[in-house]
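Worksheet for the structure shown next.
The values are calculated or read from the model by the stated rules, or taken from the named source; none is laboratory data. Computed from a predicted structure; not experimentally measured. In this analysis, Cβ positions are derived from the backbone assuming ideal geometry, glycine residues included, and neighbour counts consider all displayed protein chains. Note: areas computed on protein heavy atoms with side chains; ligands, DNA, RNA excluded. Shrake-Rupley method; radii C 1.70, N 1.55, O 1.52, S 1.80 Å.
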Amino acid sequence: MNIKQLAKKLDLSITTVSRALGGYSDVSEKTRKRVKKFALKYSYSPNPYASVLASGKTKTVGYVLPIYGLNTSTLNQANFFQFISGMSDALLSESIQLQILFAKSENEEIESYKKLILEQKIENIVLQNIKTKDRRINLLNKYKVNYVAWGKTKSNNNFSWVDLDNAGAIETIVNYLIKKKHKHISYINISEKYNFASERKNSFLEVLKKNHIIFNKNYYASVRLEEPEKSFEVIKEMLLKNKKISAIICSTEFSALSAIKACNSLNLKIGHDISIITFDGPLVRDLSTPPLTAVSFPVKELGKKAINILLNRDKNQNKMENFLANVEIIERGSVHTCK
């Protein structure tokens, strides 16, 4: 059955049926339910290609997946694919397609977004890996694209976003370590140009201060996202120069694996001589030896939430929505209690 036949059975205009199925607010809830009931009864599903031809606009969501830096490794792309899986589930229920482009550099990312907007006429986009100052935000605002970001910027958050509660995650980790009597806590971060890394550092400093622990700059290091292999050297040197360190917080899975390697090279028994805690993911969950205690958060749920917010924004351009995901600690024995 096509939309014309469905409209005739309902004794409604094609426009009303289309807008009812699209969830637009100018159609009453009663009419919307009636239209959806008939659509289900007669197995009607909107044709996305016909919609594009009729409106000149594509009912597609665009997403650019970075495959450079840490994400050169397919193992480290797992979080992105969980996020994409969540997006796909939400889009499938709305019969909307997902268009993914891949980018090997920051400049290629910008060009990919331009391609989505200017060539493919995509008006709904999901961003990720938000930087403290992100030129992609300016680009999408320039072209008046409807978008939701996985992450926030430092200064301008006048857009819809979903994110992990980074400040809350670090507070949870540090308080967990303090309860186990750790005072000499090191933190291995990535470049603070990424907003989540900046948020985590600020939270680390604040929680230490709140607990009357003096921040030791020798216990903190950030490693460029593009140079994950340097984590091992940085951590090993830090441990050699600072014998009092009893716990290491790792902001990425790669630095967590480097921390294991560094501890092993110095004959430090993890979970006994030194503790390691990180953010969870497949590298840590399935491949690390020994298994590492980590904070876990629902990445797939973030993807679903991003699409729900994006589609709501598409219907109500003035509505800004935000969502923070909380974490829980998964204990796997890599954190010991200090004497």
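The mean sequence distance of close C-alpha pairs (under 8 Å, at least 6 residues apart), as a share of the length of the chain, puts its relative contact order at 18 percent. Working note: 222 nm ellipticity from helices only, DSSP H runs with n ≥ 4, each -39,500 (n - 2.57), summed and divided by the residues of the chain, gives -13000 deg cm²/dmol to the nearest 500. FRET efficiency for the pair Met1 and Ser191, taken as 1/(1 + (r/R0)^6) with r the Cβ-Cβ distance and R0 = 41 Å, rounds to 0.15.
With the cut-off at 30 Å, tell me which of the pairs Lys4/Lys304; Lys154/Lys210; Lys180/Lys305; Lys210/Lys305 have Cα atoms farther apart than that. Please report the intermediate quantities before stating the final value.
Values: Lys4/Lys304 32 Å; Lys154/Lys210 23 Å; Lys180/Lys305 35 Å; Lys210/Lys305 33 Å.
Long pairs (Cα-Cα over 30 Å): Lys4/Lys304; Lys180/Lys305; Lys210/Lys305.
Rounded, prolate or oblate: which fits the chain, taking a ≥ b ≥ c as square roots of the Cα gyration tensor eigenvalues, rounded meaning a/c under 1.5, else prolate when a/b beats b/c? Judged from the Cα gyration tensor, the chain comes out prolate (a/c at least 1.5, a/b above b/c).
Cross-link partners for Lys244 among the aspartates and glutamates, with Cα-Cα distance under 15 Å and sequence neighbours closer than 8 places in the same chain left out: Asp273.
Annotation for Asn175 and Lys8: the two label points, set 7 Å from Cα along the Cα-Cβ direction, are 6.4 nm apart. The label point for Glu229 and the one for Ile330, both projected 7 Å from the Cα toward the Cβ, are 2.9 nm apart. Of the GluC sites (Glu not before Pro) in the range 268-339, the ones in a loop by DSSP (not H, G, I, E or B) with at most 14 other beta carbons within 10 Å are Glu331.
Which trypsin sites (Lys or Arg not before Pro) does the range 66-174 hold that lie in a coil by DSSP with at most 16 other beta carbons within 10 Å? Write down the numbers at each step before the final one.
Numbers: sites: Lys104, Lys114, Lys115, Lys121, Lys131, Lys133, Arg135, Arg136, Lys142, Lys144, Lys152, Lys154; in loops: Lys104, Lys121, Lys133, Lys144, Lys152, Lys154.
Answer by residue number: Lys104, Lys121, Lys133, Lys144, Lys154.
Note on the chain: with neighbouring protein chains present and a 1.4 Å probe, carbon and sulfur make up 50 percent of its accessible heavy-atom surface. Note on exposure: His212, His336, His184 ranked by accessible area (1.4 Å probe, complete protein assembly) read His212, His184, His336, with the most exposed listed first.
Contour minus end-to-end for Phe215 and Met320, with contour as 0.36 nm per residue of separation and end-to-end as the Cα-Cα distance? Could the numbers behind the result be given before it?
Numbers: separation 105, 0.36 × 105 = 37.80 nm, distance 3.69 nm.
Taking 0.36 nm per residue and subtracting the Cα distance, the gain is 34.1 nm.
Treating cross-link reach as a plain straight distance, find the aspartates and glutamates whose alpha-carbon is under 15 Å from the alpha-carbon of Lys230, omitting any fewer than eight places away in the same chain. The qualifying aspartates and glutamates are Glu253. Accessible area per residue for the chain is 51 Å², calculated with a 1.4 Å probe on protein heavy atoms, without ligands, DNA or RNA. 3J(HN,Hα) couplings calculated from phi for the range 28-41 with the Karplus curve 6.51 cos²θ - 1.76 cosθ + 1.60 (θ = phi - 60°) are, in sequence order, 5, 4, 4, 5, 4, 5, 5, 5, 5, 5, 5, 4, 5, 4 Hz; Gly and Pro show x. Relative to the longest principal axis of the Cα atoms of the chain, helix 195-210 runs at roughly 50 degrees.
For chymotrypsin sites (Phe, Trp or Tyr not before Pro), the sites in the range 146-243 that DSSP calls loop and that have at most 15 other Cβ atoms within 10 Å are Phe215. Structure note, pairs Lys152/Lys209; Lys179/Lys209; Lys37/Lys319; Lys30/Lys300; Lys37/Lys121: Cα-Cα distances above 21 angstrom occur for Lys152/Lys209; Lys37/Lys319; Lys30/Lys300; Lys37/Lys121. For the range 124-139, 3J(HN,Hα) computed residue by residue from phi via the Karplus equation (6.51, -1.76, 1.60; θ = phi - 60°) reads 10, 9, 10, 9, 8, 6, 5, 9, 4, 10, 10, 5, 5, 4, 4, 4 Hz, glycine and proline entered as x.
Taking only the Cα atoms of the range 93-217, how large is their convex hull per residue, in Å³? Could you put the intermediate results ahead of the total?
Working: hull volume 17.8 nm³, N = 125.
Cα convex hull per residue, to the nearest whole number: 143 Å³.
What length, rounded to one decimal in nm, is gained on full extension from Asp26 through to Ser85, with 0.36 nm per residue of separation minus their alpha-carbon distance?
18.1 nm
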